[in-house]
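Student: Can you read through this structure? Questions will come right after.
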Amino acid sequence: MEKNKKIIRTKDLNILQKLYIPEIIKGLKLTLSHVIRPRFTQEFPEERFKPEPSFRGRPVLVAENGIERCVACGLCARVCPALAIEVQASETELEKERYPVKFEINMARCIFCGFCEEVCPEEAIVMSNEYLLVFSSLDDAIFGKDRLLKPIEEVKDRLEFLRQFRYNKQETK
Amino acid sequence: MDLVSIGISFAKILFVIFGILMLGAAASVWAERRVSAFMQDRLGPNRVGPFGLLQPFADVVKLIMKEDIVPKQANKFIHDLAPLISITVALSTFAIIPFGNKIELFGREIKLIVADIDIGILFLFALTSIGVYGITLAGWSSNNKYSLLGGLRSAAQLISYELSLGLSIMGIIMISGTLRLDQIVLQQTEYLWWYIPKWNILLQPVGFIVFLIAAFAETNRLPFDLPEAEPELVGGYHTEYTGMKFGLFYLSEYANIITSSAVMVTLFFGGWHLPSAEYWGLHPLILGVLQIMTFIFKIALFVIFFIAVKWTLPRFKYNQLMRIGWQFLLPLAILNFLVTGIVMLIL
């Protein structure tokens with residue numbers, strides 16, 4: 001009981017503040033001033049967010065002249081923390097000698113960490129700027145080569161960004 | 001009473017219910033959501049129709065399609081009755097408010113008021129008191145503690161604020177010497193000086209402030225929305241209501257806001273009076289329509305004010321609400337009443 005008497009108000013209100021009405025008008029002024037402020041909302045289906053190269057969207061396989069760069073070394077599948085990638089290698093007549101017969105990313109498992117891209121020695125798998133991922137079933141979420149391949153022109157920005165990043169990293173060492 | 005005048009009365013009722021109250025409620029729901037969004041730097045609903053104007057109608061379609069759930073332990077009859085009481089009261093209070101001057105149409109003089117009765121403003125207070133039953137019964141019949149608390153709060157709040165509401169307009173009734181709202185408006189069409197009209201806000205500013213605050217409490221709006229305080233009472237008295245029965249409560253809340261705004265416009269801001277318009281030499285019919293538009297415009301400004309206040313102020317605590325009602329508003333209203341009487345005696 002004694003303690004309660006010791007409560008001190010740190011700030012006493014003056015008469016204008018006690019009248020309450022000027023303060024209400026101040027508050028109304030603030031909220032009404034927001035009505036005419038510009039808005040930052042992007043109205044999604046019409047207006048779309050264009051990600052920067054640093055954005056990690058869904059991983060894609062880089063294709064040069066319609067053929068994937070991937071040599072099916074399996075490093076990405078090894079490093080993937082979510083075990084989302086499955087690669088099956090085979091031989092080919094081309095210069096790179098090996099290619100993936102099957103390259104699947106389970107997009108229901110992918111966590112967009114970007115380790116696959118970081119570990120890839122061929123710059124064959126990169127994180128694209130696509131962020132719209134919709135599937136109606138878990139089977140539908142497994143992306144095969146047909147949906148993963150992407151022409152190199154479309155991921156040029158990301159590749160450039162990665163090279164710059166890697167170069168800087170070596171410099172600091 | 002011949003057939004034509006019955007038809008005219010019907011037309012007036014339809015205009016008030018569908019033209020002013022229903023459309024107005026839909027428009028205020030839309031305005032509420034858009035303006036509140038703008039205040040929070042959002043966009044608000046803008047998909048259904050141009051600027052999202054059809055959003056309230058989409059909401060109504062949704063509410064009608066929804067399942068109507070009545071709790072097992074609820075009193076079913078009263079549970080069904082409560083929203084009906086609310087909506088009936090909300091839609092009938094507007095009857096005594098004049099929404100325009102007399103107009104001449106087809107050789108007949110039509111008074112733009114649904115119920116031209118002598119008790120005028122008293123009818124409104126009588127009806128709003130019945131409106132409390134809707135909310136209180138809804139809270140009681142749901143057999144839910146949150147609903148019951150909401151209903152109780154509503155009853156306590158409306159009783160405390162009705163007093164200040166009634167006393168705050170005593171000054172106006174004394175000045176005008178009548179309870180008829182059309183007479184009160186007509187007296188406000190005179191001019192104090194030059195083009196400054198004799199609106200009651202200039203004669204009774206204290207009465208207006210008391211009435212405004214009490215009107216906020218009467219319509220259960222923030223900062224006095226304790227009957228439905230979401231953070232503490234889930235949904236208050238309409239927690240157990242679904243579908244269109246909830247929709248009726250929602251509609252009556254907005255209809256009440258419009259009626260309160262209309263009463264404030266009528267009592268304090270000259271009703272349908274557009275200052276100096278009668279000297280412009282317009283055709284009487286055009287002038288009549290212009291006056292109806294003026295009335296609706298004034299109501300719209302008040303509705304926007306209601307919305308702005310809702311999204312600015314925090315909610316009062318229950319004890320603060322009662323303190324303001326009994327210790328601040330009521331003495332102020334009585335003081336205003338007394339001072340007006342003394343001044344009238346001296347003059």
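Student: Determine, yes or no, whether B:Glu67 is away from every other protein chain (no Cβ under 14 Å), more than 30 Å from B:Leu290 (Cα to Cα) and open to solvent by 20 Å² or more (accessible area, probe 1.4 Å).
Tutor: Yes: the conditions hold for B:Glu67.
Student: Now a separate question. Quick check: anything in the stretch B:36-49 part of a helix (DSSP H, G or I), open to solvent by 20 Å² or more (accessible area, probe 1.4 Å) and not aromatic (Phe, Trp, Tyr)?
Tutor: no
Student: Now a separate question. Can you confirm whether the stretch B:84-97 contains a residue that is within 22 Å of B:His273 (Cβ to Cβ) and not in a helix (DSSP H, G or I)?
Tutor: yes
Student: Looking at the stretch B:292-322, which of its residues are in a helix (DSSP H, G or I), within 14 Å of another protein chain (Cβ to nearest Cβ) and open to solvent by 30 Å² or more (accessible area, probe 1.4 Å)? Give the steps one after another, and end with the answer.
Tutor: Taking the stretch B:292-322 and keeping what is in a helix (DSSP H, G or I), we get B:292-310, B:318-322.
With within 14 Å of another protein chain (Cβ to nearest Cβ) added as a condition, the list becomes B:301-302, B:304-310, B:320-321.
Of everything in the stretch B:292-322, those that are in a helix (DSSP H, G or I), within 14 Å of another protein chain (Cβ to nearest Cβ) and open to solvent by 30 Å² or more (accessible area, probe 1.4 Å) turn out to be B:Leu301, B:Ile304, B:Phe305, B:Lys310, B:Gln320.
Student: Among the residues that make up the stretch B:143-157, is at least one of them open to solvent by less than 60 Å² (accessible area, probe 1.4 Å), assigned to a loop (DSSP other than H, G, I, E, B) and under 30 Å from B:Leu233 (Cβ atoms)?
Tutor: Start the filter on the stretch B:143-157 by keeping residues that are open to solvent by less than 60 Å² (accessible area, probe 1.4 Å), which leaves B:144, B:147, B:150-151, B:153-157.
Cutting the leftovers down to assigned to a loop (DSSP other than H, G, I, E, B) gives us B:144.
Now drop any that are not under 30 Å from B:Leu233 (Cβ atoms), which leaves B:144.
Looking through the stretch B:143-157, at least one residue is open to solvent by less than 60 Å² (accessible area, probe 1.4 Å), assigned to a loop (DSSP other than H, G, I, E, B) and under 30 Å from B:Leu233 (Cβ atoms).
Student: Any idea which of A:Ala124, A:Ala89, A:Ala72 is open to solvent by less than 60 Å² (accessible area, probe 1.4 Å), more than 22 Å from A:Leu138 (Cα to Cα) and touching a residue at least 60 places away in the same chain (Cβ under 8 Å)?
Tutor: Every option except A:Ala124 fails the conditions.
Student: Could you give every pair whose Cβ atoms fall below 6 Å, whose first residue belongs to the stretch B:21-43 and is more than 17 Å from B:Val309 (Cα to Cα), and whose second residue is aliphatic (A, V, I, L, M) and open to solvent by 20 Å² or more (accessible area, probe 1.4 Å), counting only separations of at least 6 or pairs across chains?
Tutor: Between residues of the stretch B:21-43 that are more than 17 Å from B:Val309 (Cα to Cα) and residues that are aliphatic (A, V, I, L, M) and open to solvent by 20 Å² or more (accessible area, probe 1.4 Å), the close pairs are B:Leu21/B:Leu91; B:Ala25/B:Leu251.
Student: Hey, which of the strands (runs of 3 or more DSSP E) in the stretch A:54-173, taking only ones fully inside, have at least 1 residues that are over 30 Å from A:Phe44 (Cα atoms)?
Tutor: The qualifying strands (runs of 3 or more DSSP E) are A:59-64, A:85-91, A:98-106.
Student: Under the condition of being farther than 30 Å from B:Tyr133 by Cβ and of a type in the set (S, T, N, Q), which residue from the stretch B:188-231 is nearest to the other protein chains (Cβ to nearest Cβ)?
Tutor: It comes out as B:Gln204.
Student: Specify which of the listed residues (B:Val210, B:Val185) is assigned to a helix (DSSP H, G or I), open to solvent by less than 10 Å² (accessible area, probe 1.4 Å), in contact with a His (Cβ under 7 Å, 6 or more places away or on another chain) and touching a residue at least 40 places away in the same chain (Cβ under 8 Å).
Tutor: Numbers: B:Val210 fails: in contact with a His (Cβ under 7 Å, 6 or more places away or on another chain).
Of the residues listed, the single one that is assigned to a helix (DSSP H, G or I), open to solvent by less than 10 Å² (accessible area, probe 1.4 Å), in contact with a His (Cβ under 7 Å, 6 or more places away or on another chain) and touching a residue at least 40 places away in the same chain (Cβ under 8 Å) is B:Val185.
Student: Residues of the stretch B:192-207 being free of Cβ contacts under 8 Å to residues at least 12 places away in the same chain and aromatic (Phe, Trp, Tyr), which ones?
Tutor: B:Trp193, B:Trp194
Student: From the list B:Leu329, B:Leu335, exactly one residue is within 14 Å of another protein chain (Cβ to nearest Cβ), assigned to a helix (DSSP H, G or I), at pLDDT 85 or above and out of contact with any Pro (no Cβ under 8 Å at 6 or more places or on another chain). Which is it?
Tutor: Selected residue: B:Leu329, the only one of B:Leu329, B:Leu335 that is within 14 Å of another protein chain (Cβ to nearest Cβ), assigned to a helix (DSSP H, G or I), at pLDDT 85 or above and out of contact with any Pro (no Cβ under 8 Å at 6 or more places or on another chain).
Student: Looking at this structure, is B:Gly325 of a type in the set (Gly, Ala, Ser) and open to solvent by less than 40 Å² (accessible area, probe 1.4 Å)?
Tutor: Judged against the criteria, B:Gly325 is a match.
Student: Looking only at the stretch B:248-281, which residues are surrounded by 20 or more Cβ atoms within 10 Å (Cβ to Cβ) and more than 17 Å from the chain's Cα centre (by Cα)?
Tutor: Across the stretch B:248-281, the qualifying residue is only B:His273.
Student: So is B:Leu330 open to solvent by 30 Å² or more (accessible area, probe 1.4 Å) and touching a residue at least 60 places away in the same chain (Cβ under 8 Å) or not? Walk me through it before giving the result.
Tutor: On the way: open to solvent by 30 Å² or more (accessible area, probe 1.4 Å): no; touching a residue at least 60 places away in the same chain (Cβ under 8 Å): yes.
Here the answer is no, as B:Leu330 does not meet what is asked.
Student: Hey, can you tell me all the residues within the stretch B:169-182 that are touching a helix residue (DSSP H, G or I) at 6+ places or on another chain (Cβ under 8 Å), open to solvent by 20 Å² or more (accessible area, probe 1.4 Å) and closer than 17 Å to B:Met344 by Cα?
Tutor: Step one: of the stretch B:169-182, the residues touching a helix residue (DSSP H, G or I) at 6+ places or on another chain (Cβ under 8 Å) are B:169-176, B:178-179, B:181.
Now drop any that are not open to solvent by 20 Å² or more (accessible area, probe 1.4 Å), which leaves B:170, B:173-175, B:178-179.
The answer is B:Met170, B:Ile173, B:Met174, B:Ile175, B:Thr178.
Student: Here's a follow-up. Mind checking which residues of the stretch A:10-49 are away from chain B (no Cβ under 11 Å), of a type in the set (S, T, N, Q) and out of contact with any helix residue (DSSP H, G or I) (no Cβ under 8 Å at 6 or more places or on another chain)?
Tutor: A:Thr10, A:Asn14
Student: Sort out which residues of the stretch A:127-173 are modelled with pLDDT under 85 and buried (at least 17 other Cβ atoms within 10 Å of the Cβ), and write them in order of number.
Tutor: none
Student: Against the condition out of contact with any helix residue (DSSP H, G or I) (no Cβ under 6 Å at 6 or more places or on another chain), in contact (Cβ under 8 Å) with a residue 40 or more places away in the chain, surrounded by fewer than 18 Cβ atoms within 10 Å (Cβ to Cβ) and more than 14 Å from chain A (Cβ to nearest Cβ), how does B:Leu84 come out, does it pass?
Tutor: Yes; evaluated as a whole, the condition is true for this residue.
Student: Tell me, please, whether a residue that is within 23 Å of B:Thr294 (Cα to Cα), within 18 Å of the chain's Cα centre (by Cα) and polar (S, T, N, Q) can be found in the stretch B:162-174.
Tutor: no
Student: What number of residues within the stretch B:1-33 satisfy the criterion of being within 14 Å of another protein chain (Cβ to nearest Cβ) and either open to solvent by 30 Å² or more (accessible area, probe 1.4 Å) or among the small types (Gly, Ala, Ser) (or both)?
Tutor: Matching residues across the stretch B:1-33 total 2.
Student: Same structure again: Among B:Ala82, B:Ala126, B:Ala90, which is modelled with pLDDT of 85 or more, under 18 Å from B:Ile13 (Cα atoms) and not charged (D, E, K, R)?
Tutor: None of the other options fit; the residue is B:Ala90.
Student: Residues in the stretch A:42-56 that are over 16 Å from A:Asn129 (Cβ atoms) and surrounded by 10 or more Cβ atoms within 10 Å (Cβ to Cβ): how many?
Tutor: 1
The values are calculated or read from the model by the stated rules, or taken from the named source; none is laboratory data. If you're wondering where the values come from, they're calculated on a predicted model, not measured in any experiment. All Cβ positions, even for glycine, are placed from backbone atoms using ideal geometry, and neighbour counts span all protein chains on display. Each accessible area value is taken on the protein alone, full model and side chains, heavy atoms only, with ligands, DNA and RNA left out. Shrake-Rupley method; radii C 1.70, N 1.55, O 1.52, S 1.80 Å.
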